[in-house]
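Working notes, structure below.
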Amino acid sequence: MFDEIMGKFEGSPGQQAVIRLLLERGFSVNDEGRVVSGGIEIADTGIAREADVDRRVVDATTTAILEDEELRRIFGNITAVPSLMDLAPVLDLTVLTVEVGDPDASGIVADITTMLAETGISLRQVLSDDPEFADDPKLYVITDAEVPGDLLVEIRELPYVRSVEF
């Protein structure tokens, strides 16, 4: 799906940069062509600065989104999900980052969260990168407790796991 979306902006690296930013941050485009997060409007100049493009590129991108029914449905329904990852050190939480070799394998989240639960480690949040949107998708598991070394080794030994960091 990501490739299809980006393909609609082939030939315009600036518009692709805007699209990538909207997807990464979970920003929507409302019916007036404004970039929003929930009900908060984000100025085109702010989006342009972050995407390193001219603000007119942002305007052209949102116009193109509204003119394409499929893009309009996608970007009209995106929502941002708050993450505890950056707050983990402040809240004394542990972030376990799992890089997988085959992100399309089934059961990755189930296997790892089950292993943690069986050890009595409660989960605060589980986030994963979408393999279609990320070049190197990862699974992030935020826990209340440190993960014991032997469990880290068990997770690392799963056939689809490339690396584990905490």
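The values are calculated or read from the model by the stated rules, or taken from the named source; none is laboratory data. Remember, predicted model here, so these are calculated numbers, not experimental data. Cβ coordinates were reconstructed from backbone atoms using ideal geometry, including for glycine residues, and neighbour counts include every protein chain displayed. The area values use the complete protein model at the heavy-atom level, side chains included, leaving out ligands, DNA and RNA. Shrake-Rupley method; radii C 1.70, N 1.55, O 1.52, S 1.80 Å.
Numbers below:
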{"item": "Label-point separation in nm, residue 99 to residue 45, each point 7 Å along Cα→Cβ", "result": "4.0"}
{"item": "Separation of the residue 56 and residue 117 label points, Cα + 7 Å toward Cβ, nm", "result": "5.5"}
{"item": "Coarse-grained scattering of the stretch 1-92 at q = 0.10, 0.17, 0.26 Å⁻¹, given as base-10 log I(q)/I(0) from a Debye sum over alpha-carbon atoms", "result": "-0.26, -0.69, -1.43"}
{"item": "Electrostatic dipole magnitude of the chain [Cβ: Lys, Arg +1; Asp, Glu -1; Cα centre; debye, to 20]", "result": "440"}
{"item": "Most positive-pole-ward Cα, 147, 109, 28, against dipole of the chain from beta carbon charges", "result": "28"}
{"item": "Carbon/sulfur fraction of accessible area - the stretch 81-166, other protein chains in place, 1.4 Å, %", "result": "51"}
